[in-house]
Amino acid sequence: MKIILKEDIKNLGQKDDVVSVKNGFGRNYLIPTGKAQLATDSALKVLAENIKQANFKQEKIKNIAQETAAKLEGITLDIPTKAGSNGKIFGSITTIQIAQALKDKGFEIDRRKIVSDDIKFLGEYIATLNLHREVSVTINLNVIQE
């Protein structure tokens with residue numbers, strides 16, 4: 001029996017895969033629990049259209065991420081903060097502060113997409129922005145005293 005998986009199933013396949021299973025497994029477990037549907041002609045046509053639209057949407061998102069990465073390439077952010085006389089910051093620089101500095105420059109980047117080292121001293125650092133699964137860019141951070 002051929003079925004279309006609606007979710008990832010270990011040792012069977014990924015979501016939207018068309019797989020062959022034994023009749024009892026499909027009829028008694030996969031289809032009643034909503035993990036799969038029968039692979040009829042109409043269901044296969046709907047699946048093909050959904051995959052086509054999802055690929056188009058992902059390509060569009062990837063292109064936007066690449067354009068943003070091109071604009072961010074080589075940018076240096078100055079992040080002013082309070083620090084002691086020995087150059088140690090009171091607290092640390094977080095991804096929230098980096099995202100705010102990017103916002104001040106005109107880039108709306110989610111803080112969860114920013115990866116940086118633990119910044120506890122004044123100086124120059126590097127942060128990585130993961131804009132897409134396949135697109136990332138590094139920016140320079142210059143932590144200065146207020």
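Every number in this text was worked out from the coordinates using simple rules, so none of it is lab data. Please read these numbers as outputs of a predicted model, since none were measured by experiment. Cβ atoms come from the backbone with ideal geometry, glycine included; neighbour counts cover every protein chain shown.
Across the alpha-carbon set of segment 52-134, the Rg to Rh ratio works out to 1.08, Rh being the Kirkwood radius. Here's the list of lysines a cross-link from residue 45 could span, going by alpha-carbon distance under 29 Å and ignoring same-chain residues fewer than 8 apart: 2, 6, 10, 15, 22, 35, 57, 60, 62. Relative protection proxy for 49-60, 110-121, 90-101, from highest mean packing down: 90-101, 110-121, 49-60 (other beta-carbon atoms within 10 angstrom). Between the Cα long axis of helix 41-72 and the first principal axis of the chain there is an angle of about 10°, rounded to the nearest 10.
Over every Cα atom in the chain, the radius of gyration and the widest Cα-Cα span, Dmax, amount to 23.9, 74 Å.
Take every pair of alpha-carbon atoms less than 8 Å apart whose residues are at least six positions apart; their mean separation over the length of the chain yields a relative contact order of 20 percent.
Return 137, 143 ranked ascending by Cβ neighbour count within 10 Å, so the fewest neighbours appear first.
Ranked by crowding around the Cβ, least crowded first: 137, 143.
Evaluated with a Cβ-only charge set (Lys, Arg +1; Asp, Glu -1), segment 69-145 carries a dipole of roughly 200 debye about its Cα centre, given to the nearest 20.
Against the main long axis of the alpha-carbon atoms of the chain, helix 95-104 sits at an angle near 80°. Mean sequence separation of contacting Cα pairs (under 8 Å, at least six apart), scaled by the length of segment 75-130, corresponds to a relative contact order of 33 percent. Its DSSP H runs of at least 4 residues, each contributing -39,500 (n - 2.57), put the calculated 222 nm mean residue ellipticity of the chain at -10000 deg cm²/dmol, to the nearest 500. As a length-normalised measure over Cα pairs under 8 Å and 6 or more apart, the relative contact order of segment 2-58 settles at 33 percent.
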